[in-house]
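Beneath this line is the structure, given in structure tokens, with notes to follow.
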Amino acid sequence: MKRAWSFYRYLMGVLLLIGLLIGCATTPQPEAPSLESQRAKEIVQGTSTPEMPGTTAPGDVQSSAEALVESQVMPGETPAPSEPSSVPQASASYYTQPMTADESRFFQNYINRLSYLVYYNENSGLDAQLAKAAVSQANRYLIEKEGLSVIDFDQIQKNKKDQISAYQSETGGSIDIITYIAQKLNADIYLEIDAKTSFGGGPGAWTGSAQGSIKIFDASTAALLGSISFLSPQTFSPVSADAAMMNAISGIIWQSMPKVTEQAKRLMSTMTASRGVRYELILQNTPDAIAISQFERNLAKRVREVERLSYAPGETRFAIYAFMPASKIQDAIYDAASMSGFPNCYLLYMRGRSYTFNTGI
């Protein structure tokens, strides 16, 4: 009996030992990770979740910092869109389009070679000899410093006498005769010297001074573009009061001309660059308004812009803007007229950048 009990205890011990060994050999199932621990793990590894976008890998910390700095919007700065806008932009009108290479060359040459006509305001009361000296000094500057050809004082005086009849018939007095001569002689700029002189001192020690302005006109339209005022220092002459005043006005005109030409170039450049060189067309005998509208459209295809200034059955006026010489403007007018029912259109006369045509109907 005792031996049986011992065997029973031995057997139970063996079974218990086997059970323990089996329990140690089996790996328990891991618990499912919590949402918080999974999110933390993804952030560390550089992956992303819907709530937390992916971050840069630890090995690219510097580039990540640079990207972050560059992505910041400074105060008052509008952030740039991530993609180009698909909304179409309104197109500019034709004459605001960039110049072609030929147009650019024409424009630069035109501005650099502006032609001038210089005269004086005859209503200023300036003595004729002093006026001639002032005009001559301005012309001298244009010749010596700008390399331009000029129209001298005596030639203008002669034109005033010779052109008076043509001036009246062509303009009807709508512009002054000096502007008419400037147009006739193809001047781009008309400079008008408006000055007064004074003197002092006495025999052997005369003094003189001059003050006034030089006005800058667009010769094609007679429009005032700007002016430069001047005031001379006191000058001396032992000869006479006239000599002292001559020194004063000659000196101050010479000193003023660099500013005058600089302003003229700047004003003409600004005015011309946006639209083109301005030409004027006077078309006579225009009873058919529909045909004139067609002519305007046909002409607009050949130049930068056409602007109708006035219409009447007897005469229609246009302003034409283009970067092309006068000869090509004339060709464009003929072509447009031929396509608009005016095959017999002809040129009556041309004055600078102003044309007068007749439709021939």
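Bear in mind these aren't lab numbers, they're just calculated from the coordinates by the rules spelled out. This one's a predicted model, so the numbers in the text were calculated from it and none came from an experiment. When we count neighbours, we look across all protein chains shown, and the Cβ atoms used for this are built from the backbone with ideal geometry, even at glycine.
From Cα pairs below 8 angstrom and at least 6 apart in sequence, can you work out the relative contact order of the stretch 113-273, rounded to a whole percent?
Values: 280 pairs, mean separation 37.0, N = 161.
After rounding, I find 23 percent.
Pairs Lys161/Lys196; Lys132/Lys196; Lys184/Lys328; Lys160/Lys215; Lys215/Lys259: which exceed 22 Å Cα-Cα?
Numbers: Lys161/Lys196 26 Å; Lys132/Lys196 13 Å; Lys184/Lys328 18 Å; Lys160/Lys215 20 Å; Lys215/Lys259 12 Å.
In this structure, Lys161/Lys196 lie more than 22 Å apart at Cα.
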By Cβ neighbour count within 10 Å, fewest first, Ile361, Ile252 rank Ile361, Ile252
Normalised by the number of residues in the stretch 277-358, what is the relative contact order in percent for Cα pairs under 8 Å and 6+ residues apart?
-> 39 percent
Dimensions (Å) - the stretch 119-251, Cα atoms, principal axes, largest first | 52, 29, 22
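What dipole magnitude, in Debye to the nearest 20, does the stretch 277-358 give about its Cα centre under +1 on Lys/Arg Cβ and -1 on Asp/Glu Cβ?
It works out to roughly 260 debye.
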For the stretch 172-215, what mean projected area does the convex hull of the alpha carbons give, in nm²?
-> 5.0 nm²
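Can you tell me, using C-alpha contacts under 8 Å and at least 6 residues apart, the relative contact order of the stretch 312-361 as a whole percent? Please report the intermediate quantities before stating the final value.
Numbers: 36 pairs, mean separation 12.1, N = 50.
Value for the stretch 312-361: 24 percent.
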Which one of Ile320, Leu348, Asn298 is farthest out on the positive end of the charge dipole of the stretch 268-361, using unit charges on Cβ (Lys, Arg +1; Asp, Glu -1) and the Cα centre as origin?
-> Ile320
